[in-house]
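Inspection log for the structure reproduced underneath, given as structure tokens.
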Number of protein chains: 2
Amino acid sequence: MTSFVSALRLPVGPVDLTAIDPAGTPAYDGGKEEAEAALEGLGPELAELQERLYANRAGGRSVLLVLQGMDTSGKGGILEHTVGLVSPAGVKVTSFKAPTEEERAHDFLWRIEKALAPAGIIGVFDRSQYEDVLIGRVRDLAPADEIERRYGAINDFEKRIADGGTTIVKCMLHISAAEQKERLLARLDDPAKHWKFNPGDIDERARWASYREAYEIALERTNTDAAPWYVVPSDHKWYRNLAIGHLLLEALRGLDLTWPPADFDVEHEKQRLRDEVPVQ
Amino acid sequence: MTSFVSALRLPVGPVDLTAIDPAGTPAYDGGKEEAEAALEGLGPELAELQERLYANRAGGRSVLLVLQGMDTSGKGGILEHTVGLVSPAGVKVTSFKAPTEEERAHDFLWRIEKALAPAGIIGVFDRSQYEDVLIGRVRDLAPADEIERRYGAINDFEKRIADGGTTIVKCMLHISAAEQKERLLARLDDPAKHWKFNPGDIDERARWASYREAYEIALERTNTDAAPWYVVPSDHKWYRNLAIGHLLLEALRGLDLTWPPADFDVEHEKQRLRDEVPVQ
């Protein structure tokens, strides 16, 4: 069976999101219950590899998982179910909201740079620098030439971060408009989810095609070797969570990190402990 | 059965840690396997209450869990097993190391203030402001009158944070010197744990009594209503993890937060979705 990495990696070139089935399950032929169990099964290795990453932090490596997708596409669910499999001590999650006044007074990458995780830690972006070429483009939040500038700026930025030791995994959570409608209706049906709902979310759906186009342009122009895009069909939450788990796992495995050897004499230290004056 | 909160709450007044059994299991009469299952069982309510906290973030409430204890007492284990029960998006963990040059150029609470979680988020301190009156005192890292000043400064700081809406839960992870010795030997026996071991950890054991005294002083002087101390017997990892889970749960329950009501007309929004022009 092909790997999730090769099945979900977006080929370089023009992007047509209508040709990718949001309800597909590439590289997986199981169902919901198996997928949920399979995800849990990834937990121990994910946790161990994160710990190994931290143990080797002097080596300067880190992983950055970028989650980008329309409202209800499941960024929160991935954080809870997939990222939640590793210790919160080893993860730095940043949820990007509409930029603050201070953030708007800086280049769009200023807040992104500040949010990067240190070596040894898995950084996770819930939304990201791509907001500035997605909603930024659809809603004309910046002049056209500024939007145009940003694609190259993002590529240069990501290249630098990758060259500095960070494995970047960019995931576009691909849902259908019909599935989003179901999820919004489900939010409206559940008083515990009303706080997540904003009437503007419905208005935004009228721009669905514009967002798709903005995604297609952004995906095509920033799909680099240094920071490749994965398009993750996300109409099935269980597939989405499992797929991201595999992408994260492969990124960590790819670092090929071993436990750092002791920089002290292990037997000598054991003897010191055995010989110590009783402590109490 | 008494609650973990009442069983572990340190009474106001002089503190004698030798009178508290590090292998005790107050408020719990089960064993290891039951405790581990019981901890997992707390997960769904912890996760839901954290989400409720976030949903109500405009109300300004947050929770701060302070983990303080000797090396190997289990701060990392609590992060992984207990804090890991809630979504990493709802948690901000800060692991305090030896202060940097920039941090030392500021008051000792400067880096603490910067690390506080925003409203709606559970902040967790892995080590804390107490390092500055623990190792600070034992190793004479500051003049005696400066150490003396810090107890009051901590109380004032914590009172302000608590008055601002943060429920502070301070946990002293109480282990015996014998148990620490076993855990250090276990680290030496496992190549996957050598990176966690520092020969200085053994030297520090010679100061065990000085640390205990520093803890007793700190606990007595900062055991306030605004920011009470809990002494958590931690020789049994499974008890420690479960106990902290209960303390966190009670802190969240105590906020008595309900789901925010919709600030829009739910039926109207449902109708808009049903009536919308087809989106694709």
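Derivation of every value follows stated rules applied to the coordinates shown; laboratory data play no part. Everything numeric in this text was worked out from a predicted model, so none of it was measured. Don't worry about glycine lacking a Cβ; one is built from the backbone with ideal geometry, like all the others, and counts go over all protein chains shown.
See the values below:
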quantity: Cα gyration tensor shape of chain B, rounded if a/c is under 1.5, else prolate or oblate by comparing a/b with b/c; calculated: prolate
quantity: Cut-off under 5 Å, modelled amide H: who pairs with A:TYR230 long-range; calculated: A:LEU10, A:LYS170, A:CYS171, A:MET172
quantity: Copy-to-copy label separations for A:ALA144, where each label sits 7 Å from Cα toward Cβ, in nm and ascending; calculated: 7.6
quantity: Selection from B:HIS174, B:PRO143, B:LEU188, by position along the positive dipole direction of the range B:125-194 (Cβ); calculated: B:LEU188
quantity: Pseudo-label separations to other copies for A:VAL266 - Cα-to-Cβ vector, 7 Å, nm; calculated: 6.0
quantity: 27 Å Cα-Cα reach of A:LYS270 towards lysines, excluding residues that sit fewer than 8 places from it in its own chain; calculated: B:LYS75, B:LYS97, B:LYS181, B:LYS193, B:LYS196, B:LYS237
quantity: Ranking of B:GLU250, B:GLU80 by count of other Cβ atoms within 10 Å, fewest first; calculated: B:GLU250, B:GLU80
quantity: Other protein chain Cβ atoms within 10 Å, averaged over every residue that makes up A:137-143; calculated: 0
quantity: Axis-nearest residue of A (beta carbon) for the A-onto-B rotation, whole Å; calculated: A:PRO88, 2
quantity: Most to least packed among A:268-279, A:194-205 [average Cβ atoms within 10 Å]; calculated: A:194-205, A:268-279
quantity: Ranked by how many other beta carbons lie within 10 Å on average, peptides A:256-262, B:236-242 from highest; calculated: B:236-242, A:256-262
quantity: For A:GLU220, inter-copy label distances in nm, listed shortest first [label point 7 Å out on the Cα-Cβ vector]; calculated: 7.4
quantity: Nonlocal amide H pairs with B:LYS92, under 5 Å, H built at 1.01 Å; calculated: B:ILE122, B:GLY123, B:VAL124
quantity: Estimated 222 nm signal from helices in chain A, with DSSP H stretches of n ≥ 4 weighted -39500 (n - 2.57), rounded to 500; calculated: -14500 deg cm²/dmol
quantity: The range A:3-67: C-alpha gyration tensor shape, a/c 1.5 cut-off, then a/b vs b/c; calculated: oblate
quantity: In the range B:44-102, the trypsin sites (Lys or Arg not before Pro) that fall in loop regions by DSSP, at most 12 other Cβ within 10 Å; calculated: B:LYS97
quantity: GluC sites (Glu not before Pro) within the range A:118-186, DSSP loop, no more than 15 other Cβ atoms inside 10 Å; calculated: none
quantity: In degrees, nearest ten, helix A:266-275 long axis to first principal axis of chain A (Cα); calculated: 60
quantity: Dipole magnitude of chain B, debye to nearest 20 (Cβ charges: Lys/Arg +1, Asp/Glu -1, about Cα centre); calculated: 320
quantity: Cα long-axis angle, helix B:144-163 against chain B (0 to 90 degrees, to the nearest 10); calculated: 20
quantity: Tilt relative to chain A, helix A:32-55 - C-alpha long axis, 0 to 90 degrees, to 10; calculated: 50
